[in-house]
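Just so it is clear, none of the values below were taken in a lab; they were calculated from the coordinates. What you see is a predicted model; the values in this text were computed from it and never measured. A quick note on method: Cβ atoms are made from the backbone with ideal geometry, for glycine too, and the neighbour counts reach across all protein chains shown.
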Amino acid sequence: MTGKYPPMRLYSGPLSMFGAKAQIAALEKRLTVELVMVPFDMARLYEPKHEEVLRINPKQQVPVLIHGEVEIFDSTQIFEYLEDVRPEPRLWPQTLAARARGPAYPYSFSVANNRDLNAFALPGGPVWIHRGILHAAADESQVAGVLAHEIAHIAQRHAADQITKQLVANGFLGLLGAILSNEGHFPRLVRGPH
Ligand SMILES: N[C@@H](CCC(=O)N[C@@H](CS)C(=O)NCC(=O)O)C(=O)O
């Protein structure tokens, strides 16, 4: 860590996977972090809790990070913070689509010339966002939130599943219609023998 950063202190524990996650992130980024191992044993676990952990984290859990005036808890928040402090090397993929769960669909992003506040996703990758949202959004992160939502629809195959269900349902109804229209057989069947 260079002189422009104040020292960082990470509170972790000997068996803390989440603490290790934060520690590894700092190591990956070559950040110098003072590691404080909060006492732990199998009989008392983390009791008594460390006073800094108690002060900073309402959940009373490690990991906790102190960096100058920044005091944060939860390994994911710490991860995000370390990524901001030192962006390289990246811990996470940079684009929304690269971070999406699910198969690597060929995502594409387009703006629909519509002032309504809306966005939608088509199965297989295309994401459309109305220009109304781009005007209404206060900052980039609000647009990112909308795009992430649409990406999740694709990654989780919501529309694709819906279409499949409709095809199945339509197929079934089509079959039913064919049977019902077949006066010769079906009415006799539903009325019972006579
Ligand atoms: N969601 C939290 C989970 C943190 C967590 O579960 N910490 C455990 C150690 S791995 C802990 O401090 N447990 C002690 C306790 O709950 O009293 C994170 O990602 O940091």
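Computed quantities for the displayed model
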read-out	value
Taking the convex hull of Cα positions in the chain, its mean projected area over all directions (nm²)	21.3
Where trypsin sites (Lys or Arg not before Pro) in DSSP loops with at most 13 other Cβ within 10 Å are excluded, longest remaining stretch of the chain	116-194
J(HN,Hα) series, the range 147-159, from Karplus relation 6.51 cos²θ - 1.76 cosθ + 1.60, nearest Hz, glycine and proline x	5, 4, 4, 5, 4, 5, 4, 5, 4, 8, 6, 4, 5
Derived scalar couplings ³J(HN,Hα) [the range 30-40; Karplus, 6.51 cos²θ - 1.76 cosθ + 1.60; whole Hz; x for Gly, Pro]	6, 8, 7, 10, 7, 9, 10, 8, 6, x, 8
Net charge of Cβ neighbours under 10 Å - reference residue 92; Lys, Arg +1; Asp, Glu -1	0
Span from the the range 1-41 Cα centroid across to the the range 58-133 one, whole angstrom	23
Calculated [θ] (222 nm, deg cm²/dmol) that DSSP helices of n ≥ 4 give over the chain, each run adding -39,500 (n - 2.57)	-13000 deg cm²/dmol
Table column - 3J(HN,Hα) (Hz), the range 129-135, Karplus curve with 6.51, -1.76, 1.60, x for Gly and Pro	10, 6, 5, x, 5, 4, 6
Total formal charge among the other residues, if their Cβ is under 10 angstrom from that of residue 151, Lys/Arg +1 and Asp/Glu -1	+1
Tilt relative to the chain, helix 17-28 - C-alpha long axis, 0 to 90 degrees, to 10	70
Relative contact order %, the chain, counting alpha carbon pairs below 8 Å whose residues are six or more apart	14
